[in-house]
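To start, the structure itself, in structure tokens.
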Amino acid sequence: MARTIWKYVLQRGWQIPLELPRNAQYLHLHQQNDRDVSLWFLADTEEPKVTRYFTAVEAGGTAPPPAAKYLGTAHLQSGSLVVHVFEVAGGDDVQYTLF
């Protein structure tokens with residue numbers, strides 16, 4: 001078992017796919033460079049990769065489905081843009097208001 005910490009920068013989009021080792025454990029999210037949102041995971045690099053989906057919704061935007069798992073909030077552009085990050089099921093047809 002080779003457990004390491006992985007960092008991913010979220011791209012913009014309503015259903016953001018990330019290829020993660022199976023059973024990767026979410027650790028934290030934080031804004032970086034005043035424009036990016038990064039997620040950190042603890043993962044076993046020997047596990048096969050699976051696709052998991054995420055979304056970042058602006059404050060005041062349409063919320064993701066109730067089954068979405070809230071991960072945290074990031075304050076971007078000197079605090080003028082607040083986004084809430086969720087893990088969502090792949091294939092959702094819901095359109096979100098995005099940053």
* Please specify each residue of segment 64-92 satisfying the condition of being in contact (Cβ under 8 Å) with a residue 24 or more places away in the chain, over 19 Å from residue 5 (Cβ atoms) and among the aliphatic types (A, V, I, L, M). => 76, 82, 83, 88, 89
* Would you mind stating whether residue 19 is acidic (Asp, Glu), part of a strand (DSSP E or B) and without any contact (Cβ under 8 Å) to a residue 60 or more places away in the chain? => yes
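Among the residues of segment 72-81, is any within 19 Å of residue 21 (Cα to Cα), part of a strand (DSSP E or B) and of a type outside the set (Val, Ile, Thr)? Full working, then the answer.
Initially, segment 72-81 is screened for residues within 19 Å of residue 21 (Cα to Cα), giving none.
Checking segment 72-81: not a single residue is within 19 Å of residue 21 (Cα to Cα), part of a strand (DSSP E or B) and of a type outside the set (Val, Ile, Thr).
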* To do: Kindly provide the set of residues from segment 56-85 that are hydrophobic (A, V, I, L, M, F, W, C) and more than 17 Å from residue 28 (Cβ to Cβ), ordered by number.
  => 57, 59, 63, 67, 68, 81, 82
* To do: Could you identify the single residue in 55, 4 that is at pLDDT 90 or above and touching an Asp or Glu at 6+ places or on another chain (Cβ under 9 Å)?
  => 4
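Against the condition within 10 Å of the chain's Cα centre (by Cα) and charged (D, E, K, R), how does residue 46 come out, does it pass?
Numbers: within 10 Å of the chain's Cα centre (by Cα): no; charged (D, E, K, R): yes.
Criteria not met by residue 46.
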* Just give me the residues in segment 15-30 being closer than 18 Å to residue 82 by Cβ and surrounded by 18 or more Cβ atoms within 10 Å (Cβ to Cβ), in sequence order. => 16, 29
* Asked: Right, residue 4: farther than 19 Å from residue 77 by Cβ, among the β-branched types (Val, Ile, Thr) and without any contact (Cβ under 8 Å) to a residue 40 or more places away in the chain or not?
  -> no
* Among what's in segment 22-59 and is in contact (Cβ under 8 Å) with a residue 40 or more places away in the chain and not in a strand (DSSP E or B), pick the residue that is farthest from residue 73 (Cα to Cα). => 46
* **Filtered residue count, segment 38-52, keeping only those that are under 14 Å from residue 16 (Cβ atoms), out of contact with any Phe, Trp or Tyr (no Cβ under 8 Å at 6 or more places or on another chain) and surrounded by 15 or more Cβ atoms within 10 Å (Cβ to Cβ)** => 1
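The values are calculated or read from the model by the stated rules, or taken from the named source; none is laboratory data. Computed from a prediction, not measured in an experiment: that's the story for all the values here. We place every Cβ from the backbone using ideal geometry, glycine too, and count neighbours over all the protein chains shown.
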